[in-house]
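Below is one structure, written out as structure tokens; the observations come after it.
The values are calculated or read from the model by the stated rules, or taken from the named source; none is laboratory data. These numbers come from a predicted model, not from an experiment. We place every Cβ from the backbone using ideal geometry, glycine too, and count neighbours over all the protein chains shown.
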Amino acid sequence: MTAVRIGEVAERVGVSARTLRYYGELGLLVPSEHSSGGARRYTEGDVARLQRIRELQELLGFDLLEIGEILRGEDRLAGIRGEWSEASLPRRRQILEEAGAINLRLRELVGAKQARLAGMLGELEDRARLYRVRAGELAAEEQDGPQLS
């Protein structure tokens, strides 16, 4: 795919052009190219990043600040991966230390999200148990017949 206009990318991914511009303002998605007139042009790599943003937002429920942190971490990991083959032994140690720290932070973000989701799921399960208890009580009342006070 050659670089395409903002409207084409927006339609392809299911967001508005305004959303793409906002992501650009936040530094989440900066178009790789611009036309001679200054219009944004997006590459296949840009579209993949946009799809990653949407996945983190819609599927995993991260907010844009969290997404920014995740993307910066992933970008840095990609950068240091590219450095690895040419790095000296001491630099490789530094790379591993930095990669481990980034990975830890990303795990913390995902773990916090999982904990919030687990809490919500626990509340829903508690309600489901309550509904089953109430249904059992109702069935017992129906079986015993109407109670006169």
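What are the residues in segment 69-112 that are among the basic types (Lys, Arg) and without any contact (Cβ under 8 Å) to a residue 24 or more places away in the chain, if any? Answer for segment 69-112, where residues must be among the basic types (Lys, Arg) and without any contact (Cβ under 8 Å) to a residue 24 or more places away in the chain: 72, 81, 91, 92, 93, 107.
Scanning segment 47-63 for residues that are free of Cβ contacts under 8 Å to residues at least 40 places away in the same chain and either closer than 13 Å to residue 24 by Cα or aromatic (Phe, Trp, Tyr) (or both) yields a count of 2.
Checking the condition among the small types (Gly, Ala, Ser), in contact with a Ser or Thr (Cβ under 7 Å, 6 or more places away or on another chain), surrounded by 11 or more Cβ atoms within 10 Å (Cβ to Cβ) and farther than 27 Å from residue 118 by Cβ, which residue from 17, 3, 39 passes?
Numbers: 17 fails: in contact with a Ser or Thr (Cβ under 7 Å, 6 or more places away or on another chain); 39 fails: in contact with a Ser or Thr (Cβ under 7 Å, 6 or more places away or on another chain).
3 is the lone residue from the list that is among the small types (Gly, Ala, Ser), in contact with a Ser or Thr (Cβ under 7 Å, 6 or more places away or on another chain), surrounded by 11 or more Cβ atoms within 10 Å (Cβ to Cβ) and farther than 27 Å from residue 118 by Cβ.
Listed here are the residues, each with its yes/no results for (1) surrounded by 11 or more Cβ atoms within 10 Å (Cβ to Cβ); (2) of a type in the set (Phe, Trp, Tyr); (3) modelled with pLDDT of 95 or more.
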| site | (1), (2), (3) |
| --- | --- |
| 70 | yes, no, yes |
| 73 | yes, no, yes |
| 90 | no, no, yes |
| 117 | yes, no, no |
| 120 | no, no, yes |
| 128 | no, no, yes |
| 134 | no, no, yes |
| 137 | no, no, no |
| 143 | no, no, no |
